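Asks: This is the structure I want to talk about, given as structure tokens.
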Amino acid sequence: RETMRTAKRRVATYLLFATSCSRPLSLHSCVSLSFSPHLVSSFTTTWYSSKGENFFGQRPPLPLANGQSTRFSTQRTAATRAMSSSAKTSLTPRFVDIGANILDDRYEGTYRGTKRHEPDLSLVVERASQAGLKHIIVTAGTLEESRGALDFCRSWNLKSTGVHFSCTVGVHPTRCSQQFVDSDTSDDDILQELVDIALEGKKDGTVVAVGEMGLDYERLQFCPKDIQHKYLIRQLQVLAKSTELPLFLHNRNVGSDLHDILVENKDCWEKGGVIHSFDDNLELASKFIDLGFYIGLNGCSLRTEENLQTVAQLPLQRLLLETDCPYCDVRKTHAGFSHIKTSFEVKAEKKFVMGNLVKNRQEPCHIVQVAEIVAGVQGKNIEQVAETIYQNSLQLYGWNDDNDNRAPPS
């Protein structure tokens with residue numbers, strides 16, 4: 001009797017995989033599988049009630065003999081991993097995280113200057129790959145970070161992670177005083193060094209954008225408005241014009257000032273770019289789109305009902321997704337939270353467990369949640385949103401599709 005119950009469990013599990021896979025599976029493969037009843041899940045997915053599928057494209061879990069249901073985790077036996085990976089190749093939506101602060105100390109286990117745990121970046125990248133991330137663009141905000149981002153991406157691209165890393169080169173608006181005014185090096189020399197780094201990284205495709213540059217009036221205590229304006233324009237005139245790369249732009253509570261500067265310096269940029277972490281109104285978004293820019297969305301773009309109303313009206317063909325990790329996590333108090341279908345097991349930094357996510361520390365894998373919110377407010381399915389925006393990313397950064405057999409769902 002116990003043997004029969006075990007067999008039923010395995011057959012049920014096999015049927016779940018069989019209905020999710022794009023290619024036939026043999027019954028022999030079913031009986032050879034060994035599934036642990038005590039899988040420790042590092043993330044779980046809840047099921048879509050409208051279409052009966054979650055973001056992996058899987059149908060709801062089948063009931064087992066004891067009334068429980070199958071639930072899969074990212075920590076599986078080798079046999080299970082091998083089997084599920086073939087299913088995910090065709091079923092898991094693909095993503096590009098166009099803005100990730102991967103160089104942040106929190107991925108080394110340091111929070112606000114205090115060491116809390118051992119580095120876990122390799123697991124962060126593994127979770128990103130499992131969630132469908134194909135590309136991650138590492139954001140730089142200073143000269144030093146630009147050098148570090150280029151070295152980091154080249155180093156990690158030598159590893160077999162399933163994720164390709166690229167980066168930006170530029171100076172963040174709130175750090176212009178620190179980089180240009182307080183430095184012993186001349187402005188011209190700093191800008192030239194930024195150009196050299198960008199052109200060097202452009203040769204092998206590692207540097208794909210200039211930025212993060214722009215304007216930020218919420219944090220003028222870090223850099224006055226006039227300094228921000230001066231060095232945004234200088235970066236456009238020197239860095240953007242010399243490299244002919246897309247722009248990665250910061251726009252925070254500045255009205256139309258960033259838009260106006262871009263218009264006045266249109267001869268300095270040709271490839272357009274993205275207004276990252278956009279949280280302003282529909283009118284301004286439309287102006288940027290008319291200039292040829294994409295709108296980048298992350299958790300900070302989806303906090304309020306007004307944010308959601310704006311996102312609901314934005315054209316899907318002009319959107320990009322990002323996490324801005326480790327910042328911009330989606331919280332229960334945010335308006336967008338109700339649209340989230342995918343949840344993650346988290347632990348507070350002080351109670352860190354290797355393999356779990358850290359509470360309030362955003363990761364690239366959280367891009368799934370951003371896509372789910374966009375899909376929810378626009379009334380579209382997750383596959384259409386993810387694949388259309390994935391193709392948008394490829395178009396902006398000039399990448400080839402890694403799977404020519406897939407087209408955006410209609």
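Asks: Could you list, in sequence order, the residues of region 204-250 that are open to solvent by 30 Å² or more (accessible area, probe 1.4 Å), aromatic (Phe, Trp, Tyr) and closer than 19 Å to ASP280 by Cα?
Replies: Within region 204-250, just TYR217 meets the criteria.
Asks: Considering only region 341-352, how many residues are assigned to a strand (DSSP E or B), open to solvent by 30 Å² or more (accessible area, probe 1.4 Å) and farther than 15 Å from LEU123 by Cα?
Replies: So the answer is 1.
Asks: Let me ask another. Using the structure shown, decide if ASN253 is surrounded by fewer than 24 Cβ atoms within 10 Å (Cβ to Cβ), in contact with a helix residue (DSSP H, G or I) (Cβ under 7 Å, 6 or more places away or on another chain) and either modelled with pLDDT under 95 or polar (S, T, N, Q) (or both).
Replies: Details: surrounded by fewer than 24 Cβ atoms within 10 Å (Cβ to Cβ): yes; in contact with a helix residue (DSSP H, G or I) (Cβ under 7 Å, 6 or more places away or on another chain): no; either modelled with pLDDT under 95 or polar (S, T, N, Q) (or both): yes.
For ASN253, the condition - surrounded by fewer than 24 Cβ atoms within 10 Å (Cβ to Cβ), in contact with a helix residue (DSSP H, G or I) (Cβ under 7 Å, 6 or more places away or on another chain) and either modelled with pLDDT under 95 or polar (S, T, N, Q) (or both) - is not met.
Asks: Condition test on VAL330, is it out of contact with any Phe, Trp or Tyr (no Cβ under 8 Å at 6 or more places or on another chain) and of a type in the set (A, V, I, L, M)?
Replies: Here the answer is no, as VAL330 does not meet what is asked.
Asks: Let me ask something additional. Looking at region 120-148, which of its residues are closer than 17 Å to LYS159 by Cβ and open to solvent by 60 Å² or more (accessible area, probe 1.4 Å)?
Replies: SER122, GLU126, LYS134, listed by residue number.
Asks: Additional query: Can you spot a residue in region 389-408 that is over 15 Å from the mean Cα position of the chain (by Cα), modelled with pLDDT of 95 or more, charged (D, E, K, R) and open to solvent by 10 Å² or more (accessible area, probe 1.4 Å)?
Replies: Within region 389-408, not a single residue is over 15 Å from the mean Cα position of the chain (by Cα), modelled with pLDDT of 95 or more, charged (D, E, K, R) and open to solvent by 10 Å² or more (accessible area, probe 1.4 Å).
Asks: Does PHE288 count as aromatic (Phe, Trp, Tyr) and either touching a strand residue (DSSP E or B) at 6+ places or on another chain (Cβ under 8 Å) or open to solvent by less than 50 Å² (accessible area, probe 1.4 Å) (or both)?
Replies: yes
Asks: Then there is this: Would you pick out the residues in region 369-384 that are part of a helix (DSSP H, G or I) and either out of contact with any Pro (no Cβ under 8 Å at 6 or more places or on another chain) or within 17 Å of HIS276 (Cα to Cα) (or both)?
Replies: GLN369, VAL370, ALA371, GLU372, ILE373, VAL374, ALA375, GLY376, VAL377, GLN378, listed by residue number.
Asks: Considering each of ALA100, ALA87, ALA128 in turn, give the residue that is within 21 Å of PHE344 (Cβ to Cβ), at pLDDT below 95 and touching a Cys at 6+ places or on another chain (Cβ under 7 Å).
Replies: Numbers: ALA100 fails: at pLDDT below 95; ALA128 fails: at pLDDT below 95.
After applying the criteria, what remains is ALA87.
Asks: Looking at this structure, is LEU191 modelled with pLDDT of 95 or more, open to solvent by 30 Å² or more (accessible area, probe 1.4 Å), of a type in the set (A, V, I, L, M) and out of contact with any Gly (no Cβ under 9 Å at 6 or more places or on another chain)?
Replies: no
Asks: May I ask you to list the residues in region 296-333 that are outside any loop (DSSP other than H, G, I, E, B) and polar (S, T, N, Q)?
Replies: Within region 296-333, SER301, ASN307, GLN309, THR310, GLN317 qualify.
Asks: PHE278 - would you say it is without any contact (Cβ under 8 Å) to a residue 40 or more places away in the chain and surrounded by 20 or more Cβ atoms within 10 Å (Cβ to Cβ)?
Replies: yes
Asks: Can you tell me how many residues in region 293-333 are open to solvent by less than 30 Å² (accessible area, probe 1.4 Å) and not acidic (Asp, Glu)?
Replies: Selection size over region 293-333: 24.
Asks: Only one of these conditions is not met by GLY355: (1) at pLDDT 95 or above; (2) under 30 Å from GLY113 (Cβ atoms); (3) assigned to a loop (DSSP other than H, G, I, E, B). Which number is it?
Replies: GLY355 satisfies every listed condition except (1).
The values are calculated or read from the model by the stated rules, or taken from the named source; none is laboratory data. These numbers were taken from a predicted model, which means no experiment stands behind them. Reconstructed Cβ throughout: ideal geometry from the backbone, glycine too, with neighbour counts over all protein chains shown. When the accessible area is computed, the model is the full protein with side chains, heavy atoms only, and any ligands, DNA or RNA have been set aside. Shrake-Rupley method; radii C 1.70, N 1.55, O 1.52, S 1.80 Å.
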